[in-house]
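This report concerns only the one structure given below.
The values are calculated or read from the model by the stated rules, or taken from the named source; none is laboratory data. Everything numeric here is computed off the predicted structure, so don't read it as measured data. Virtual Cβ from ideal backbone geometry, glycine too; neighbours counted across all protein chains shown.
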Amino acid sequence: MPPRAPDPAPPASAVEHPPGSYLEVADSPEFAALRRTFRRFVFPMSALFLAWYLLYVLLSNYATGFMSTKVVGNIHLGLIIGLLQFVSTFLITTVYARWADREFDPAAAELARRVHLTEDVR
């Protein structure tokens, strides 16, 4: 008689997790919605910033004439665009903090309350 194949594992949704455990939360539709909300904001914002930074690097390497265009005195476009990298970093951080306070954090706090992870969340 040939050896018997192992029973297939039950689907993740059919597995019971202890109440309030990370696995219970991670399998919940609320957590999946929270992850989607986070990714919908963070991935495009990250891609936008990386494209902006890559543009700066490419311009500084391949458009030296453009980047060395003087604007005022000894200040040229390369310096201005380089400083705008810092400005965009602070701007993205501010936008993210406001978005998180308004959209993400309340939903995360509600999920934490629902699974009894914390007693006093904002």
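Would you check if residue 86 is modelled with pLDDT of 95 or more, part of a helix (DSSP H, G or I) and over 24 Å from the mean Cα position of the chain (by Cα)? No; evaluated as a whole, the condition is false for this residue.
Yes/no matrix, rows are residues, columns are (1) touching a residue at least 12 places away in the same chain (Cβ under 8 Å); (2) surrounded by 12 or more Cβ atoms within 10 Å (Cβ to Cβ); (3) of a type in the set (D, E, K, R); (4) touching a Phe, Trp or Tyr at 6+ places or on another chain (Cβ under 9 Å):
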{"residue": "33", "(1), (2), (3), (4)": "yes, yes, no, no"}
{"residue": "52", "(1), (2), (3), (4)": "yes, yes, no, no"}
{"residue": "57", "(1), (2), (3), (4)": "no, no, no, no"}
{"residue": "66", "(1), (2), (3), (4)": "no, yes, no, no"}
{"residue": "76", "(1), (2), (3), (4)": "no, yes, no, no"}
{"residue": "104", "(1), (2), (3), (4)": "yes, yes, no, yes"}
